[in-house]
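Asks: One structure coming up, written as structure tokens, with questions to follow.
The values are calculated or read from the model by the stated rules, or taken from the named source; none is laboratory data. Predicted model, so just to flag it, every value in this text is computed and none were measured. All Cβ positions, even for glycine, are placed from backbone atoms using ideal geometry, and neighbour counts span all protein chains on display. Protein only, heavy atoms only, side chains kept; ligands, DNA and RNA dropped before computing areas. Shrake-Rupley method; radii C 1.70, N 1.55, O 1.52, S 1.80 Å.
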Amino acid sequence: MSQSTERTEREYTIHVNGTPRTVVASGDDLLVNVLHEQLELTGTKLSCGIGSCGACKVVAQKEPGSPKMAMLACYARMDSIEGLHFTTVEGLAGEGGELHPMQREFLECFSFQCGFSTPGMLMAADVLTDQLSRRPIPVEQLDNRIRQAISGNICRCTGYVKYAEAIKKTILANPSLTCEKELPPESVSSVVTFRVRKQSSNDLEEKPLVGFLDEVEATIRFAEPLRLDTCTAQVKANTRSVRTGEPVRDFNLGKFFFKSIESVDFTLDSVETLDGRYQLDAVPYGTAIPVNIRGRVCALSARLPVTADAVVTVLEPGSLRITSRAPVTLDMRDLGFSVDSFAKEFFLRLGRTVELTFDLSLEKKDSRGLEAWATPKARHAAK
């Protein structure tokens, strides 16, 4: 006779369509079910139930005014999303039920037939509009950007053409969302990239899970100006900045995988140039110097010795870049990560090794004594 698992419930507060709502649920309950059964918001559709069709998309924000993210409500567990701000398709309409411009255009363009995919399409379009309001693009790039925005939404009726037409017409009606010339590229940020193998219940084979930690604080100091054999360095990659391309996965990794591990740190012990004739102080700007780095990776109390191949380049008088030439492979269990329990919790087969690469952009900063270079985040923290 099988034993039933006891269900534990508690109160959760989430903000839905501008209003804080308190619900009683289990941590494993899905947002789509809470929306339907407790908040009576049935516009968000449950279709495939495995995160593939996009019908259940809602918009999530960490706080009002912050960038909008498309979130799959059939994947979002209550334990992962407490405190977030959500907009469902019901929340697009204005006061008195006046339709949102995107909703009106969907009607006028006859964009849908059965309507099951429509709420998810609207929310994907709303996220795209928010992105363009923060960084407009030239009109000639708009068609491709729309295709990207709705690529995770499946529709079996319309062929997507009318959806794309309605989204484009709505965007073009707002001149602030497009521009004549492409904006200059955003400043290069430092990032640590990780790659693991995973297979979920709806995957036919293993797939790579690639993620990024882009809140990186790094400082490198030279006892002699730009002499690599005299440098020391520290790098801190904050786990709260994890990005994998799927917001629900990011929240689950942050809460259930990283848990109390707030950062992954690296301390440099030594740098060896592969050709001793070359040093940063003796080559033209832009010359890439291959090096071998030895140091220690730390998480919680774990300290693992590592060796990494990298390239160091002084791009201009005040700009230094350090990038991986090959990934560093570590067993995540040795760093204290909950690999096995996380895999069991989320019905995954998860590889135990992780491949780490890095791309660090540093700027020279004023310092007494040793010559110092730092990422902008580390530089501001030091002031």
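Asks: Could you tell me whether region 108-214 comes out rounded, prolate or oblate from its Cα gyration tensor? Rule is a ≥ b ≥ c as square roots of the eigenvalues, rounded for a/c under 1.5, then prolate if a/b exceeds b/c, otherwise oblate.
Replies: Details: a/c = 2.93, a/b = 1.14, b/c = 2.56.
It comes out oblate by the Cα gyration axes.
Asks: Short version: what are the Cα gyration tensor semi-axes of region 222-262, square root of 5 times each eigenvalue, largest first, in whole Å?
Replies: 36, 11, 5
Asks: Taking the Cα centroid of region 251-269 and of region 65-105, what is the distance between the two, rounded to the nearest whole Å?
Replies: 29 Å
Asks: Would you tally the net charge around T13, using a Cβ to Cβ cut-off of less than 10 Å, leaving T13 out, and scoring K and R as +1, D and E as -1? Working shown, then result.
Replies: Numbers: positive: R21; negative: E11, E82.
In short, -1.
Asks: With a cut-off of 8 Å between alpha carbons and a minimum separation of six or more residues, what is the relative contact order of the chain in percent?
Replies: Working: 772 pairs, mean separation 47.2, N = 383.
The normalised contact order for the chain reaches 12 percent.
Asks: Hey, another quick one. Karplus couplings for region 278-291 from phi (6.51 cos²θ - 1.76 cosθ + 1.60, θ = phi - 60°), rounded to Hz, Gly and Pro as x?
Replies: 10, 9, 4, 7, 10, 10, x, 4, x, 7, 8, 10, x, 9
Asks: Something else about it: Rounded to a whole number, what % of the accessible area of region 1-67 do carbon and sulfur atoms account for, probe 1.4 Å? Please list the in-between numbers first.
Replies: Numbers: 1750 of 3930 Å².
With neighbouring chains kept in place, the figure for region 1-67 is 44 percent.
Asks: When Lys and Arg each count +1 and Asp and Glu each count -1, what net charge do the other residues less than 14 Å away from Q279, Cβ to Cβ, add up to? Don't skip to the answer; put the middle values down first.
Replies: On the way: positive: R227, R277; negative: E224, D229, E272, D275, D281, E371.
Here the count lands on -4.
Asks: Something else: Leaving out ligands, DNA and RNA, what percent of the accessible area of region 224-315 is carbon and sulfur, probe 1.4 Å? Please list the in-between numbers first.
Replies: Details: 2340 of 4550 Å².
Heavy-atom surface of region 224-315 belonging to carbon and sulfur, 1.4 Å probe: 51 percent.
Asks: With a probe of 1.4 Å, find how much accessible area the chain has per residue, and write the answer as a whole number in Å².
Replies: Values: 20400 Å² over 383 residues.
Here the per-residue accessible area is 53 Å².
Asks: Among the lysines, which fall within straight-line cross-link reach of K255, defined as a Cα-Cα distance under 28 Å, with same-chain neighbours fewer than 8 residues apart omitted?
Replies: K45, K57, K62, K68, K198, K207, K236, K344, K377
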